[in-house]
Structure formats: structure tokens, C-alpha cells
1. So, by mean Cβ neighbours within 10 angstrom, what's the order for 169-178, 154-163, 24-33 with the highest one leading?
2. How long are the three semi-axes of the equivalent ellipsoid for the stretch 10-271, computed from the Cα gyration tensor as the root of 5 times each eigenvalue, in whole Å, largest first?
3. Taking a 1.4 Å probe, which of Tyr111, Tyr129 shows the most accessible area, and what order do the others take after it?
4. What accessible area per residue comes out for the stretch 10-271, rounded to a whole number of Å², with a 1.4 Å probe?
5. Could you please state how large a percent of the accessible area of the chain is carbon and sulfur, counting protein chains only and using a 1.4 Å probe?
6. In what order, largest first, do Phe164, Phe180 sit by accessible area if the probe radius is 1.4 Å?
7. Using modelled backbone amide H atoms (1.01 Å from N, in-plane), which distant-in-sequence or interchain residues come within less than 5 Å of Leu66's amide H?
8. Between beta-carbons, use under 14 Å as the cut-off and find the net charge around Pro226, counting Lys and Arg +1, Asp and Glu -1.
Amino acid sequence: MSHKEISKGNNFLTCENYILFNDTDEMIDFFVIAFRLKIPMLVINDLTIKERNTFLESAGLEKFSLTTSKLIYEKAKSEIIASGKLMTVFKNFLYPNDDRKFLLVTRKTIYENSIDKIKNQLGSIRNQYEIISLYSKDRNTLKWAAQDRRIDYITIEILENSEFIDQSLCSVVKQNNKIFEIVLSSLINTKNDREISEVLRKGKKLMKLICSTNTPFIFTMKPESPLELRTGSQMRLLGSLLESSYNKTKTCVFDKQLEVLIANTIKLHESHVFEGIQEA
């Protein structure tokens, strides 16, 4: 596949980064909608790596061509080492043609305001999930989390904890190569005009701060049902309601999520020794 073909395919690549795991039947509904929307990467909250692997062996899932980042990494390891182009190799596996694959990713979101309690959780869950995120309403906790190498995202619910995001936190997040995860579902689930007005006001203030400090961020919908799934273009358009430039959010709906996943896949792989060193 040529570089030109890959670039063309990237226009369709989308990630839903925060699906709440309830039951197997509902997951299948998510797969059906994701297949139609050409969303090749679904990240499932509270589903461990072991549970996900068992789930993939379930009957009736073959038609969705579900796979894992570990399997892609192992199949393409020699090509990755030769080219050094991790993102390109992964995208070639997920390219949305007739034989497209769907990547099923595991995630844990920690809801906590106590640093000590977070530390206790991290010690036991880091190797059970591919992605770790923190949701908190405490500034000191958020600042600490932004410096902890085990945490990938700081999750922001616009109506709930966006007020705790300040310039100081943005600076720490940026310095430590962390990412803000901005949940957009409040834009489509508001109950009345007053609530949508509050979402827009708080969301615009948040995005102005994040964009002015060039702090990395991603968009997610955190859908409560499969019908709330949105493509990358749709999420970027929703983000533009918060005055974030549509043209500058291209990497916020897939590329940054894939970068984090690839880095963690390598760290979690049994061949990993330490940063930059792999067993042959």
C-alpha cells in the first residue's frame, strides 16, 4: 500500500476512547454501529486484558474481525523494527477497506481525589489494562497524576470538573507529555437551554485555556449507547462549538490515542526490558 493510499485512508480513522462496559450483548451492538461508521478502534472501560482476550474467543464475533494491539505488534514486529514507522504499520492493519480490522482496547478510569488511594490502585491495575485514565475534582491530585508515568489521560467532564483545570496544570501536563481527554457527550445530552448554555460557556473557557497553552488533548464521546457513537469529523465539529479549530483537531480523534496505545503495548509486551530495550 502506498503512502498516498494510507494518507487517504486516514481521513476515515476514528477512535472512541471511552465506552462503558456493561454486558456482552451491548458490546455487540457497539461493534455493529462502529462497523457501519468505520470506527476501527474502540476502547472499553473496566474491561481487563484477560477479560477482553476471553471475550474475543466468544462465538459470533468472527464477522467483526476484532483484533488487539499486541497481535498487530507481534505480526508486524520485524517490519516495525526495520522501518521504525510504528503508526504507519498499525494503520495499515486498520485501513478501512473491505478487509478492515477493528481494534479492541482495554482501559481503566480511576475516579478518585486521594493521591494515596490512586497509588494503591495503580500498583495493582497497571498491567491489567492497556490505558489508564484519571478523573478527579482535586487540583493537587490532578497535578500529581500529570507527573505519574503510569497515567495516560486526565479526563475532563465539562460540567463536572473543567473548573479545576488551570494554567499551572496545563503546564505540568504539557511538560510530562500527558493528554487531556475531553468528553463531548454533554453537548448532545443536555436537558434544557440553561444546561447547554452552561456547557458552551464552560467548554469554551476550557478550550481557550488548553489551546492557548498548546496542551495536548483528545476528544471522546463516552457514549452511553451505540447510537451516541460519532465519527472523527463529527467529534471535531462538536469540538468547534467550543471554539476549537476544526482544522487543528485532526490528530485529536485517532492519532494521539493510537500513539499512547502503541507505546503501552510495547511496555506491556513480555519482550520489553526497559525503555528502548526489547528482547530479541
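The values are calculated or read from the model by the stated rules, or taken from the named source; none is laboratory data. What you see is a predicted model; the values in this text were computed from it and never measured. In this analysis, Cβ positions are derived from the backbone assuming ideal geometry, glycine residues included, and neighbour counts consider all displayed protein chains. Accessible surface is based on the protein model in full, side chains and every heavy atom, while ligands, DNA and RNA are left aside. Shrake-Rupley method; radii C 1.70, N 1.55, O 1.52, S 1.80 Å.
1. Details: 169-178: 17.4, 154-163: 18.9, 24-33: 14.9.
The peptides rank, most packed first, as 154-163, 169-178, 24-33.
2. Working: eigenvalues 156, 94, 68 Å².
The three semi-axes for the stretch 10-271 are 28, 22, 18 Å.
3. On the way: Tyr111 115, Tyr129 15 Å².
Result, largest first: Tyr111, Tyr129.
4. Values: 12320 Å² over 262 residues.
Normalised by residue count, the accessible surface of the stretch 10-271 is 47 Å².
5. Details: 6660 of 13930 Å².
Accessible surface attributable to carbon and sulfur in the chain totals 48 percent.
6. On the way: Phe164 45, Phe180 0 Å².
Listed by decreasing accessible area, they come as Phe164, Phe180.
7. The answer is Phe102.
8. On the way: positive: Arg36, Lys222, Arg230; negative: Glu16, Asp23, Asp25, Glu26, Asp29, Glu224, Glu228.
Value of the local net charge: -4.
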